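Peer 1: Pasting in a structure now, in structure tokens, and then I'll have a few things to ask.
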Amino acid sequence: MKLAGWGNFPRMSCRVATLGAADEAQSWLDQPPMIARGLGRSYGDAALQPNLTLLTRRLDHILAFDPVTGLLSCEAGVTLETILDVFLPRGWLPPVSPGTKFVTLGGMVAADVHGKNHHKAGSFGGHVRSLRLMLADGRVVECGPDVEPELFWATIGGMGLTGLILSVSFHLLPVHTAFIRSEVLCAPNLEAAFDAFEASAGWTYTVAWIDCLTGGRNLGRCLLTRGELAEPDELPPGLLPRRKRPKRVPVDLPNWVLNRWSMRAFNTLYYNMAPAKPRPAIMDLDSFFYPLDALLEWNRIYGRNGFTQYQCVLPKPAGREGLRHLLATIQKSGFGSFLAVLKLFGGHAGGCLSFPMEGYTLALDFPVRPPTLALLHELDAIVADHAGRLYLAKDARTTPGMLRKGYPRLVGFQHIRDQWGATGRMQSLLAERLDL
Amino acid sequence: MKPVVLLLGATSDMGRAVARAYAAQGHPLHLAARDAARLALDAEDLRLRSGVDVWTHPFDVLAEDAASIMTGLAPPPSIVICFVGMMGTDPQLIMRTNYTGPAMVLEAAADFLQRQGGGVLVGVSSVAGDRGRAGNYVYGSAKAGLTAYLSGLRARLHGSKVRVVTVKPGFVHTRMTEGMDLPKALTAQPDEVARAIMEALEQGRDVVYVRPVWRLIMTIIRLLPEPVFKRLRI
Ligand SMILES: Cc1cc2nc3c(=O)[nH]c(=O)nc-3n(C[C@H](O)[C@H](O)[C@H](O)COP(=O)(O)OP(=O)(O)OC[C@H]3O[C@@H](n4cnc5c(N)ncnc54)[C@H](O)[C@@H]3O)c2cc1C
Ligand SMILES: NC(=O)c1ccc[n+]([C@@H]2O[C@H](COP(=O)([O-])OP(=O)(O)OC[C@H]3O[C@@H](n4cnc5c(N)ncnc54)[C@H](OP(=O)(O)O)[C@@H]3O)[C@@H](O)[C@H]2O)c1
């Protein structure tokens, strides 16, 4: 079966097995290397293994819920969409949510995903109470912050390389409405954007769209959105949660659709919609958290060659200077995408390979073509110079050296994998590419 | 209370999708299947998702007393849907699992619904039963038997308060078709099957093709003269 990540690059023929139950996984363990795959929303090769890719779509049972504490246990193939559908109407929200709800809990744990509230709540792994993990030898172990903590913190953010996550227990957050009170700030350049983030540190959710095409005085101009969960008395009367039918992008669009001119047009449009002064608005959660989900399969607008997302984080002190350097390089190249996101992470600890660290993270898409790949190499050097690192869930092309520079706990991670028998057995294409 | 639904072969991919769809609308459910552990997981999942009552029952369509599933169900169901079926290599097993087994149980279910004064009976058959093809004629013939059985049963119960619905899913992305290279436009997802079944029940349809294009395809395939058809090897 032909499989690819969300970026459609690389695309590979993979042997697959759909696991219907935990014990079915055991019968495949004698055929390594293998890797787990959720909804394939990682962009690159993290959930690909030509020899054997284990699909978790049928491990989709909700196992238990405590309506007093909000502790929820689900099998790893349960999607964020399901959790929202089932629990939001009852007043419970997942504590951390990536920019799409089409992800599985397994994927959320394995990538230790972050959301717009990272500076307040940290990444998803910090909210996990326990995991059930199937090791490469078929043993099933329970782990958590207090039980086998080393294995636990290697699995949080471990990109599936320690074993197959069978189930996840984590805390939901009580909420009073399914709405967000939000406002948008305009920052005319990068310096203003940094200030806007600092000034918004008290807000629960913050994120900025950043223009990667305009240089000079307006280099790094941003639209910063900040939001709070709305209380019932803040809602205009008669507001009901809307359910919009998602549109589907029907076919692979030709590659030229995404040339720099169409991207520039998109950016102009976006900025023209920005209000001059922040005007508070009430939005439903879907529009606030998952604006892109309304366009199903939007990744196909990049055409058949696919695209890659470059997401890096730079530590706060050196980050401002580094970010300016990155943006100037991207702007000069003219390859930048319309989808560029800037966010300030908080200083919460994560797993051995968790991506977030205190500082600024930048994410933008590039069509896969030789000149853009060369540019990304240049960007790698800038990121490394500023002690930053790349997000593995988005990566399809970086090098083992770059990975080692960015992740000081990698040696410990590999040691834990050895110890639990995962090395070479739980092995994605990404792991092979990066010498893990 | 919403009508109670009994699902036979409830742990099938289609059955699970239908169970979730009915539970979401508040229908209490009886789930019958042979794998007790998976059944228990499914039942708890449905309770947590929708807060409905769910009861589980061990059920093997090949068992001598398979039809006894219809005795003692409380509360009594008024919608009965049978998903049981299999593909494979053992012809006898295929015939019994797709035809004689389900037909015997559906017969008992029809009597049960009639005694109760009404209800709906749904049998999941297959487009494969519309014409015997070289590739899967044993399976096809068993489904043909089930289709004919359902058609006759519908005629017999016409005028009573019991309705009979035949579902021909076409290709569906499930465990049964795992690893097959199915054409995307002709292949439905299990929740599409669920929607089609619920719609058919509302609209009072007799025979349902989940994706309508299948009705056209099978009409053409059925119309091909045998001397032509046998050469096609489709
Ligand atoms: C539009 C869009 C927006 C996004 N926004 C964000 C964001 O804001 N923040 C963020 O952090 N990420 C974001 N992501 C990335 C996404 O959240 C992660 O890649 C996530 O891991 C995808 O989950 P998945 O179920 O699709 O996993 P997959 O892509 O299928 O797999 C991802 C990794 O998880 C592993 N894995 C999956 N299931 C299991 C399991 N059961 N056991 C062990 N390992 C497993 C895989 O081996 C692989 O290494 C975004 C992605 C998209 C497409
Ligand atoms: N998928 C398709 O493309 C397709 C197309 C046309 C028709 N169909 C029909 O649709 C129905 C549902 O199939 P599916 O696609 O959802 O695949 P599935 O998940 O494999 O469903 C088949 C079900 O039949 C059950 N079963 C088999 N033998 C049984 C027995 N002796 N006693 C009790 N239950 C038994 C299985 O039980 P376990 O769960 O215990 O294994 C399973 O739940 C089948 O009748 C199939 O023939 C499927």
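The values are calculated or read from the model by the stated rules, or taken from the named source; none is laboratory data. Keep in mind that what you see is a predicted model, and the values were worked out from it rather than measured. Glycine also receives a Cβ, built like all others from the backbone with ideal geometry; neighbour counts cover every protein chain displayed.
Peer 1: Residues to consider are A:Arg397, A:Arg417; find the one that is over 22 Å from A:Phe335 (Cβ atoms) and either at pLDDT 95 or above or in a helix (DSSP H, G or I) (or both). Show your work before the answer.
Peer 2: Working: A:Arg397 fails: over 22 Å from A:Phe335 (Cβ atoms).
None of the others qualify; the one that does is A:Arg417.
Peer 1: Which numbered condition in (1) modelled with pLDDT of 95 or more; (2) within 12 Å of chain B (Cβ to nearest Cβ) is the only one that A:Asp45 fails?
Peer 2: In the conditions (1) modelled with pLDDT of 95 or more; (2) within 12 Å of chain B (Cβ to nearest Cβ), A:Asp45 misses (2) alone.
Peer 1: How about the stretch B:208-231: which of its residues are among the basic types (Lys, Arg) and out of contact with any Ser or Thr (no Cβ under 9 Å at 6 or more places or on another chain)? Show your work before the answer.
Peer 2: The initial filter retains those residues of the stretch B:208-231 that are among the basic types (Lys, Arg), namely B:211, B:215, B:222, B:230-231.
Within the stretch B:208-231, B:Arg215, B:Arg222, B:Lys230, B:Arg231 qualify.
Peer 1: Can you pull out the residues in the stretch A:166-177 that are in contact with a strand residue (DSSP E or B) (Cβ under 6 Å, 6 or more places away or on another chain) and not in a strand (DSSP E or B)?
Peer 2: A:Leu172, A:Val175
Peer 1: Can you confirm whether A:Leu71 is within 14 Å of chain B (Cβ to nearest Cβ), farther than 30 Å from A:Trp298 by Cβ, near ligand 1 (Cβ under 8 Å from one of its atoms) and at pLDDT 95 or above? Write out each step before concluding.
Peer 2: Working: within 14 Å of chain B (Cβ to nearest Cβ): yes; farther than 30 Å from A:Trp298 by Cβ: yes; near ligand 1 (Cβ under 8 Å from one of its atoms): no; at pLDDT 95 or above: yes.
No, not satisfied.
Peer 1: I'd like the residue in the stretch A:1-57 that is of a type in the set (D, E, K, R) and closer than 15 Å to A:Met134 by Cβ and, out of all such residues, is surrounded by the most Cβ atoms within 10 Å (Cβ to Cβ).
Peer 2: Kept after step one, since they are of a type in the set (D, E, K, R), are these residues of the stretch A:1-57: A:2, A:11, A:15, A:23-24, A:30, A:37, A:41, A:45, A:57.
Filter once more, so that each one left must be closer than 15 Å to A:Met134 by Cβ: A:23-24, A:30, A:37.
Values: A:Asp23: 12, A:Glu24: 14, A:Asp30: 8, A:Arg37: 27.
The selected residue is A:Arg37.
Peer 1: Also, quick follow-up: On the basis of being loosely packed, with under 11 Cβ neighbours inside 10 Å, within 14 Å of another protein chain (Cβ to nearest Cβ) and more than 14 Å from the chain's Cα centre (by Cα), does B:Lys184 make the cut?
Peer 2: Here the answer is yes, as B:Lys184 does meet what is asked.
Yes or no, residue by residue, for (1) among the hydroxyl-bearing types (Ser, Thr, Tyr); (2) within 22 Å of A:Trp203 (Cα to Cα); (3) in contact with a His (Cβ under 6 Å, 6 or more places away or on another chain):
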residue: A:Leu285; (1), (2), (3): no, yes, no
residue: A:Asn299; (1), (2), (3): no, no, no
residue: A:Asn305; (1), (2), (3): no, no, no
residue: A:Thr308; (1), (2), (3): yes, no, no
residue: A:Cys312; (1), (2), (3): no, no, no
residue: A:Gly322; (1), (2), (3): no, no, yes
residue: A:Gln331; (1), (2), (3): no, no, no
residue: A:Gly347; (1), (2), (3): no, yes, no
residue: A:Cys352; (1), (2), (3): no, no, no
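Peer 1: Residues that are within 12 Å of B:Gly9 (Cα to Cα), of a type in the set (Val, Ile, Thr) and more than 16 Å from the chain's Cα centre (by Cα): does the stretch B:45-58 have at least one?
Peer 2: Initial filter on the stretch B:45-58 (within 12 Å of B:Gly9 (Cα to Cα)): B:56-58.
Filter again for of a type in the set (Val, Ile, Thr), leaving B:56.
In the following step, the residues that additionally are more than 16 Å from the chain's Cα centre (by Cα) were identified as B:56.
Yes.
Peer 1: Wholly within the stretch B:164-234, which helices (runs of 4 or more DSSP H) include no fewer than the required count, namely at least 3 residues that are aliphatic (A, V, I, L, M), at pLDDT 95 or above and within 29 Å of B:Ala108 (Cβ to Cβ)?
Peer 2: Numbers: elements: B:190-203, B:213-223, B:226-232.
Output list reads B:190-203.
Peer 1: So which residues in the stretch A:75-116 are within 17 Å of A:Leu292 (Cα to Cα), among the aliphatic types (A, V, I, L, M) and more than 9 Å from ligand 1 (Cβ to nearest atom), if there are any at all?
Peer 2: Answer for the stretch A:75-116, where residues must be within 17 Å of A:Leu292 (Cα to Cα), among the aliphatic types (A, V, I, L, M) and more than 9 Å from ligand 1 (Cβ to nearest atom): just A:Leu84.
Peer 1: Condition first: more than 14 Å from every other protein chain (Cβ to nearest Cβ) and out of contact with any Phe, Trp or Tyr (no Cβ under 6 Å at 6 or more places or on another chain). Now tell me which residues in the stretch B:30-55 satisfy that.
Peer 2: Correct list: B:Asp53, B:Trp55.
Peer 1: Looking at this structure, is A:Leu173 under 21 Å from the mean Cα position of the chain (by Cα), more than 16 Å from ligand 1 (Cβ to nearest atom) and at pLDDT 95 or above?
Peer 2: On the way: under 21 Å from the mean Cα position of the chain (by Cα): yes; more than 16 Å from ligand 1 (Cβ to nearest atom): yes; at pLDDT 95 or above: yes.
Considered against the rule, which asks whether it is under 21 Å from the mean Cα position of the chain (by Cα), more than 16 Å from ligand 1 (Cβ to nearest atom) and at pLDDT 95 or above, A:Leu173 comes out as yes.
Peer 1: Go through the stretch A:190-211 and give me each residue that's in a loop (DSSP other than H, G, I, E, B) and buried (at least 19 other Cβ atoms within 10 Å of the Cβ). Don't jump to the end; show me each part of the working.
Peer 2: Of all residues in the stretch A:190-211, those in a loop (DSSP other than H, G, I, E, B) come to A:200-204, A:211.
A:Ser200, A:Trp203, A:Asp211 - these are the residues of the stretch A:190-211 that are in a loop (DSSP other than H, G, I, E, B) and buried (at least 19 other Cβ atoms within 10 Å of the Cβ).
Peer 1: Take the stretch A:279-332 and flag every residue that is under 27 Å from A:Ala46 (Cα atoms) and aliphatic (A, V, I, L, M).
Peer 2: Selection gives A:Leu292, A:Ala294, A:Leu295, A:Leu296, A:Ile301, A:Val313, A:Leu314, A:Leu323, A:Leu326, A:Leu327, A:Ile330.
Peer 1: Out of A:Thr79, A:Thr104, which single residue is within 17 Å of the chain's Cα centre (by Cα), surrounded by 19 or more Cβ atoms within 10 Å (Cβ to Cβ) and more than 14 Å from chain B (Cβ to nearest Cβ)?
Peer 2: Details: A:Thr79 fails: more than 14 Å from chain B (Cβ to nearest Cβ).
On inspection, the qualifying residue turns out to be A:Thr104.
Peer 1: OK, next. Just the residues that are hydroxyl-bearing (Ser, Thr, Tyr) and either within 13 Å of chain A (Cβ to nearest Cβ) or within 16 Å of ligand 1 (Cβ to nearest atom) (or both), please, taken from the stretch B:5-29. It would help to see each step written out before you state the result.
Peer 2: The first filter runs over the stretch B:5-29 and keeps only residues hydroxyl-bearing (Ser, Thr, Tyr), leaving B:11-12, B:22.
Within the stretch B:5-29, B:Thr11, B:Ser12 qualify.
Peer 1: Further, regarding this structure: In the stretch B:204-233, what residues are loosely packed, with under 10 Cβ neighbours inside 10 Å and of a type in the set (Val, Ile, Thr)?
Peer 2: Listed by number, the residues that qualify are B:Ile220, B:Val228.
Peer 1: Residues in the stretch B:166-180: is at least one without any contact (Cβ under 8 Å) to a residue 40 or more places away in the chain and under 21 Å from B:Leu113 (Cα atoms)?
Peer 2: No, because not a single residue in the stretch B:166-180 is without any contact (Cβ under 8 Å) to a residue 40 or more places away in the chain and under 21 Å from B:Leu113 (Cα atoms).
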